[in-house]
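*Asks:* To start, I am sharing the structure in question, which I have written as structure tokens.
The values are calculated or read from the model by the stated rules, or taken from the named source; none is laboratory data. It should be emphasised that the depicted structure is a prediction, and the values quoted were computed from it without experimental measurement. All Cβ positions, glycine included, derive from the backbone under ideal geometry; neighbour counts span all protein chains shown. Ligands, DNA and RNA are excluded from the accessible area calculation, which covers all protein heavy atoms including side chains. Shrake-Rupley method; radii C 1.70, N 1.55, O 1.52, S 1.80 Å.
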Amino acid sequence: MLAYLLASLAGVVLVLTVGTIIFALLMLRNWMNSLRRAVDEVRKGTPGAHLPASGSAMDREIHKLLRQTEQFNLTKQIDWTPTALQEVLHGVLPGAEVLVVSNRESYIHNRSNGGIVVQRPASGLVSALEPIMRACGGTWIAHGSGSADRDTVDENDRIRVPEGAPAYALRRVWLSEDEQDGYYYGFANEGLWPLCHIVFVRPAFRIGDWRMYREINQRFADAVVAEARTEDPVVLVQDYHFALAPKMIRQRLPKATIISFWHIPWPNAETFSICPWKEEIIEGMLGSTILGFHTQFHCNNFVECVDRFVESRIDREVQAVSLAGHETKIRAYPISIEWPPSALQTVPAGEKCRAEVFAHFELAAGTKLIVGVERFDYTKGILDRMRAVAALLTRNPSWKGRLVFIQVAAPTRSKLDAYSKLQSEAEALAAQINGQYLEEQAPIRLIARHYEPTDVFKLFRAADVCVVSSLHDGMNLVAKEFVSSREDNAGVLVLSSFTGASREMSEALIVNPYDTEEMAAAFEIAMTMPVDEQVERMKLMRQQVKENNVYRWAGAILMDAARSRTRERILGLTETRGRTRSSSGAAGG
Ligand code: F6P
């Protein structure tokens, strides 16, 4: 009897336990489903969508995380195209006048064979900014460096570009040879460039160059003031050529929204401390409303330098610096390329590109092709990748005659010793490697000339592997251009860990360019990678670059600019009200 009772009790307990578990599971499933639906709605940005709130600690935590995701996703929810960017610009900055300032111009007119040819410069800055200006219009102020530039401008030194579909004004500023020597070659490229890249080329700081740099920054700041039709334009100051211009512009146009973007790395405080004019440079940059770098790491380095060298107030939580009553926000905006690149429109499909490139370079059928494309710059690791090719041919001689590395390097800043020396060293190294490893065909083809974008894309489509082995690089857009060209989802990217791009493109084969053997091994892995794996990696990288294209970069900057403008307007109103109240109080008293 007792046994029967105990068995019944156990049965009841079992039924109750199972029932409770089933009930709890059902409740949890319902709760999860409604949470999932709500998260989906919030993610899609459905108006009025909110999360179910039961007030539990778990709910609160989920709420907090989702709010963060929501804010983070604000720019993600937009499908970034030129039209979306235009809409954002007109929506958040209605009627704003956009002025860009950079040293390099977007179109260079050169004299050639008795005529005039237009050249698109090999410049990451230009590749990124040009599509933005085509979408938004405005005025781009830059150094007129072409031999026929003066012949193509109007009486105000302006020309509408691009030819055939004019979208914005290019205003050219003229510089004498002495001015270029001091400001561009001297202070910017023998001083700041090696200082910021830390590639063991000693920076040169000369007082004469510094004076010229200041003078030319003032000239460009004056050009901004002269071009501005409104008292509060949005001024986009580009790169290390114009560290002093933001403060100079602010002095003349206090209501301007000045957004400066530093296209190269920013070094740590220890390294930066060797610059004799560090305080002036930082103070000049702090004239900006927003100061952008490619990565958070470079933002942190900059804030560290401010902390060490300038008396100011740093708010680390919101990443802002206040100096003399003016606040500058320090932000990371990883730059990118237009998607899809307009130059791709006229580039044939992969097979045709490969056939043309193979015919042009007389490559044997079945050759594995590695390509590299950049300016002939010592920061790009051009010698290092050649050494890696040689190391691979040494460790695995079966590659002899079966692999070719084509390096296109556009001569740049050749007036400077470090650059002309690099070119001759690269030519000597290519000759030596070709002599040593020649078997039916030379393994290295060094092309020291400028390639127009369509030819670059043709090379990318023809390649098995693209190598970007920068010793240090703010972002590196070549990496992004390569993946943008691979509609076939094939090809492998070998990418230096010292590029900003490596933070976003982790599916590349990431290498330390100083480690020759590692890069040689990466070349071999890349050339023997199964197609399935190439496709898997390439698809992810293409998705990343497509979503985070240059319109998103500009959109994020413009949205932040709009927020700053609204904030400043509100603060202005509050101050005016405060003044009115105290003056009426004084009158009443
Ligand atoms: O990386 C900095 C940068 O200004 C890039 O934007 C550009 O690719 C490169 O330097 C161009 O240099 P330059 O205008 O001196 O030829």
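*Asks:* Please determine, by comparing only the residues of the stretch 120-153 that are modelled with pLDDT of 95 or more and among the charged types (D, E, K, R), which one is farthest from the ligand (Cβ to nearest atom).
*Replies:* Asp151
*Asks:* Given Ala508, Ala462, which one is in contact with a Lys or Arg (Cβ under 6 Å, 6 or more places away or on another chain), farther than 19 Å from Gly124 by Cα and either free of Cβ contacts under 8 Å to residues at least 40 places away in the same chain or open to solvent by less than 10 Å² (accessible area, probe 1.4 Å) (or both)?
*Replies:* So the residue among Ala508, Ala462 that is in contact with a Lys or Arg (Cβ under 6 Å, 6 or more places away or on another chain), farther than 19 Å from Gly124 by Cα and either free of Cβ contacts under 8 Å to residues at least 40 places away in the same chain or open to solvent by less than 10 Å² (accessible area, probe 1.4 Å) (or both) is Ala462.
*Asks:* Suppose we filter Ser496, Ser424 for residues that are buried (at least 24 other Cβ atoms within 10 Å of the Cβ) and either among the hydrophobic types (A, V, I, L, M, F, W, C) or at pLDDT 95 or above (or both); which single one remains?
*Replies:* Ser496
*Asks:* Continuing with this model, one more query. Sort through Val161, Val117 and tell me the only one that's open to solvent by 60 Å² or more (accessible area, probe 1.4 Å) and either away from the ligand (no atom under 16 Å from the Cβ) or of a type in the set (Phe, Trp, Tyr) (or both).
*Replies:* Val117
*Asks:* Also, quick follow-up: From the list Thr230, Thr328, Thr271, which one is more than 16 Å from the ligand (Cβ to nearest atom), among the hydroxyl-bearing types (Ser, Thr, Tyr) and part of a helix (DSSP H, G or I)?
*Replies:* Thr271
*Asks:* Residues being part of a strand (DSSP E or B), within 16 Å of the ligand (Cβ to nearest atom) and either among the hydroxyl-bearing types (Ser, Thr, Tyr) or in contact with a Cys (Cβ under 9 Å, 6 or more places away or on another chain) (or both): count how many of those fall in the stretch 236-268.
*Replies:* Selection size over the stretch 236-268: 1.
*Asks:* Can you find, within the stretch 488-501, the residue that is farthest from Pro194 (Cα to Cα) among those that are in contact with a strand residue (DSSP E or B) (Cβ under 9 Å, 6 or more places away or on another chain) and away from the ligand (no atom under 16 Å from the Cβ)?
*Replies:* Gly491
*Asks:* Please verify whether Ile335 is surrounded by fewer than 19 Cβ atoms within 10 Å (Cβ to Cβ) and not in a helix (DSSP H, G or I), treating the condition exactly as stated.
*Replies:* Taking the combined requirement at face value, the residue does not satisfy it.
*Asks:* Further question: Does the stretch 167-175 include one or more residues that are in contact (Cβ under 8 Å) with a residue 60 or more places away in the chain, within 16 Å of the ligand (Cβ to nearest atom) and open to solvent by 60 Å² or more (accessible area, probe 1.4 Å)?
*Replies:* Scanning the stretch 167-175, I find no residue that is in contact (Cβ under 8 Å) with a residue 60 or more places away in the chain, within 16 Å of the ligand (Cβ to nearest atom) and open to solvent by 60 Å² or more (accessible area, probe 1.4 Å), so the answer is no.
*Asks:* Which pairs turn up if I take residues in the stretch 195-224 that are among the aromatic types (Phe, Trp, Tyr) and look for partners that are part of a loop (DSSP other than H, G, I, E, B) with beta carbon separation below 6 Å, at least 6 apart in sequence or on another chain?
*Replies:* Phe205/Pro276; Trp210/Trp277
*Asks:* Mind checking which pairs have a first residue in the stretch 487-498 that is within 15 Å of Thr528 (Cβ to Cβ) and a second that is polar (S, T, N, Q) and open to solvent by 10 Å² or more (accessible area, probe 1.4 Å), Cβ under 8 Å, 6 or more apart or different chains?
*Replies:* If the second residue must be polar (S, T, N, Q) and open to solvent by 10 Å² or more (accessible area, probe 1.4 Å), the pairs left are Ala490/Gln534; Gly491/Gln534; Val492/Gln534.
*Asks:* Restricting the stretch 57-107 to residues that are among the charged types (D, E, K, R), over 20 Å from the mean Cα position of the chain (by Cα) and at pLDDT 90 or above, which is most open to solvent (accessible area, probe 1.4 Å)?
*Replies:* Result: Glu87.
*Asks:* Which residue, of Lys415, Lys400, Lys458, is within 16 Å of the ligand (Cβ to nearest atom) and of a type in the set (Lys, Arg)?
*Replies:* Of Lys415, Lys400, Lys458, the one residue that is within 16 Å of the ligand (Cβ to nearest atom) and of a type in the set (Lys, Arg) is Lys415.
*Asks:* Among the residues of the stretch 177-199, is there at least one that is away from the ligand (no atom under 15 Å from the Cβ) and part of a loop (DSSP other than H, G, I, E, B)?
*Replies:* no
Residues are listed down the side, and each one gets a yes or a no for (1) assigned to a loop (DSSP other than H, G, I, E, B); (2) aliphatic (A, V, I, L, M); (3) in contact with a Leu (Cβ under 6 Å, 6 or more places away or on another chain):
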site	(1), (2), (3)
Ile281	no, yes, no
Leu291	no, yes, no
His298	no, no, no
Phe302	no, no, no
Val306	no, yes, no
Val318	yes, yes, no
